[in-house]
Each structure stands twice: as C-alpha cells, then as structure tokens.
Amino acid sequence: MAKILIRKGKKEFIKELNKEVLVVKPRTYYIKDIENDYHTTDGVISKKDLKKKDGSVIKTNQDKEFTIFTSSFLDDFRKISRSAQIIPLKDIGLIIAETGINKDSNVVDAGAGSGALACFLAHICKEVTTYEIRDDFLKIVNENKKFLNLKNLKVKKQDIYKGIDEKDVDLITLDLPSPWNAIKPAEKALKIGGYLVSYSPTVPQVIDFVTVISNNDNFLYIKTSELIKRNWDVEGRKVRPKSEGIGHSGFLTFCRKIR
Ligand SMILES: C[S@@+](CC[C@H](N)C(=O)[O-])C[C@H]1O[C@@H](n2cnc3c(N)ncnc32)[C@H](O)[C@@H]1O
C-alpha cells in the first residue's frame with residue numbers, strides 16, 4: 001500500500017514587490033515503502049508518521065507540514081514502468097466513454113507493450129486478456145500487473161494476427177504496427193454489438209485499417225477521432241491557455257461488429 005504526501009503551495013503578498021509571491025511550493029511525494037523513514041528535499045518523515053491514518057497532518061524533521069493519505073489506483077497507475085510508448089489517459093478515457101465498457105465487460109487488448117491500456121481497462125472491467133509477442137514487454141506488463149494487484153488481467157505470449165482464443169468479447173483494443181491484420185481474428189472473437197477500437201499514431205495506419213474494415217460486411221466503421229487536450233492557467237483573473245505545445249498522441253478508430 002503506497003502513501004501520498006501532499007501540500008498545497010502558499011502565496012503571500014510582498015509589499016516591497018507589490019505582488020503575490022509563492023512562499024511555499026506545492027509538493028507531492030509518492031511513497032512505496034512505508035516500513036522505513038522517507039527522505040525528501042523537505043526533510044525526513046518518520047516511518048511512524050507514514051502509518052498514520054488518511055488525512056493526518058504530519059511534519060518532517062525540518063518542520064514542513066504535509067497531509068498523508070493512501071494512494072488511489074490512478075496514483076499507482078502513474079508510477080507503472082513504461083518502455084514502449086503508452087497510450088495517454090485522455091485517449092483511454094475516450095475508449096471507455098465511446099464503448100461504455102464496465103464491470104461486466106470482457107476485453108481483449110494487443111499489443112500489451114507496457115500494459116498501460118490493459119491495466120487501466122482491467123481496473124474497470126470484468127476480465128482483460130492482453131496479447132504480446134516480445135519477452136521484454138511481457139516482463140514489464142507482468143510487473144505492472146503485480147504492482148497494481150490486478151487479478152483479472154491475463155497476459156498471453158501470442159501473436160494476435162494469428163488468432164484470438166477468447167469468444168463473446170465486448171471490446172477489442174489494438175495498439176499495433178499493422179492493426180488491419182487483427183481484423184479477421186477480432187471478427188471471430190467479438191460478440192455481435194461488440195466494439196473494435198484501433199489506436200494508431202500515423203495516418204497511413206488509419207487509411208489501411210479503415211480500408212480493410214470498410215470492406216468487411218460484418219463490421220460497421222463508426223469514426224476516427226483525435227482528442228486534443230489543452231490545459232489552462234487559472235490565476236486570479238489571469239486565465240488563459242498554457243503556453244505549452246499541444247502534442248499528437250494517436251488516432252482512435254471505432255468500429256462495431258454488426259453480424
Ligand atoms: C505501442 S506498444 C502498445 C502499448 C500499450 N497499448 C500501452 O498502453 O502500454 C505495441 C506493442 O505491440 C506489440 N506487438 C506487435 N505486434 C504484435 C502482435 N502481432 N501480437 C501481439 N503483440 C504485438 C509490440 O511488441 C509492442 O509491445
């Protein structure tokens with residue numbers, strides 16, 4: 001069980017400067033090991049304090065105050081090991097919203113990569129099976145599965161282009177170099193009304209996937225979306241989009257098995 005230590009930042013009006021200045025920086029620490037004292041740049045927190053109940057206010061040996069609480073799934077998820085490019089949260093959110101999967105859903109995913117998508121889906125679905133061909137990624141996804149304590153995630157060393165063992169699947173997610181090669185296997189595994197979602201970073205992948213699926217009478221091609229997320233600064237009346245760039249992640253193509 002990991003703990004989160006958090007403190008809000010604090011601003012004060014400095015007369016001499018005639019403006020508000022940040023006098024305490026906001027800070028968050030993620031603490032995996034609560035059996036030992038934890039060393040931070042704000043001082044040491046004793047292991048006794050790390051075991052205090054959620055909401056307790058504790059102090060470092062430098063007299064800095066933090067609130068402590070147990071980490072949530074999302075806090076833990078943000079700490080998983082990652083090697084391959086993982087799908088970002090915004091895109092995971094769109095998959096969940098557009099397919100309506102839930103605690104009763106059976107899902108198949110490929111390729112596992114670091115398992116970010118598979119792990120998140122396992123957190124909300126009944127069962128997720130993820131396919132991966134590379135041993136180095138299988139090791140990472142299995143570590144992440146253990147770290148997040150996901151008992152309903154099955155990890156298979158198998159080429160999804162060669163077939164899917166599961167049947168009556170509610171959703172299949174693909175994050176693969178050639179996702180069109182998984183359409184035939186997906187057709188056999190999905191239940192009628194089930195969704196096939198392909199996540200690809202490049203346009204040629206979208207073209208080839210949509211061309212193949214549009215020529216398959218058993219699938220309905222619904223749409224391809226790209227989700228752009230823009231963060232804003234909100235400081236008093238200074239409210240405006242952040243000056244950071246808006247990066248591209250991937251295109252999401254949604255399809256449905258109709259017969
Ligand atoms: C970009 S990564 C997937 C990342 C993953 N969606 C995540 O969120 O962490 C793509 C993975 O697909 C795997 N892969 C490629 N071809 C495959 C195949 N035919 N069957 C199963 N996995 C495959 C690769 O080894 C790689 O790990």
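Taken together, the values in this text are just the output of simple stated rules run on the coordinates, not laboratory data. Keep in mind it's a predicted model, so treat the numbers as computed, not measured. Cβ atoms come from the backbone with ideal geometry, glycine included; neighbour counts cover every protein chain shown.
Of note:
- Span from the the range 214-251 Cα centroid across to the the range 82-118 one, whole angstrom: 16
- Additional length obtainable on full extension of the chain from Asp159 to Ser243, 0.36 nm per residue less Cα span: 26.0 nm
- Once backbone amide H atoms are built at 1.01 Å from N, Val44 has Asn61, Gln62 as its partners under 5 Å, excluding neighbours fewer than 5 places away on the same chain.
- Reachable aspartates and glutamates, given that their alpha-carbon falls under 15 Å from the alpha-carbon of Lys229 and they are not under 8 places away in the same chain: Asp91, Glu244
- Total charge dipole magnitude, the chain, about the Cα centre, Cβ charges on Lys, Arg, Asp, Glu only, Debye to nearest 20: 780
- Percent RCO, i.e. relative contact order, over the chain, from Cα pairs under 8 Å lying at least 6 residues apart: 12
- The chain: most fluctuating residue of Lys238, Lys157, Lys145 per GNM, C-alpha cutoff 10 Å: Lys238
- Distance in nm between pseudo-label sites at Ile258 and Phe73 (7 Å out along the Cβ direction from Cα): 3.3
- Among Gln85, Gln158, Gln62, residue whose mean-square fluctuation peaks in a GNM of the chain (springs only between Cα atoms under 10 Å): Gln62
- Degrees between helix 89-99 axis and first principal axis of the chain (Cα, 0 to 90, nearest 10): 40
- Restraint check, Lys47/Lys156; Lys154/Lys184; Lys156/Lys257; Lys11/Lys238; Lys59/Lys145; Lys51/Lys139, Cα-Cα greater than 27 Å: Lys47/Lys156; Lys59/Lys145; Lys51/Lys139
- Note on the chain: helix-only mean residue ellipticity at 222 nm, from DSSP H runs of 4+ residues weighted -39500 (n - 2.57) and normalised by residue number, equals -6500 deg cm²/dmol.
- As a proxy for reagent exposure, ranking Phe209, Phe251, Phe13 by other Cβ atoms within 10 Å from fewest up yields Phe13, Phe251, Phe209.
- Separation in nanometres of the label points that stand 7 Å from Cα toward Cβ, at Asn231 and Lys126: 3.8
- Packing rank of 73-83, 132-142, where each peptide gets the mean count of other beta carbons within 10 Å, highest leading: 132-142, 73-83
- Taking the chain as a Gaussian network of alpha-carbon nodes connected by springs under 10 Å, the highest mean-square fluctuation of the residues Glu12, Glu143, Glu166 belongs to Glu12.
- Rounded to 10°, Cα long-axis angle of helix 135-147 versus longest principal axis of the chain: 50
- A simple spin-label model places pseudo-atoms 7 Å from Cα toward Cβ; at Val57 and Glu98 they are separated by 4.6 nm.
- Take the Cα of Lys32, go 7 Å toward its beta carbon, and the backbone nitrogen atoms of the range 93-118 under 20 Å from that spot belong to 113-118.
- With K and R counted +1 and D and E -1, the other residues having a Cβ less than 9 Å from that of Leu227 yield a net charge of 0.
- The angle between the Cα long axis of helix 203-214 and the longest principal axis of the Cα atoms of the chain comes to about 40 degrees, rounded to the nearest 10.
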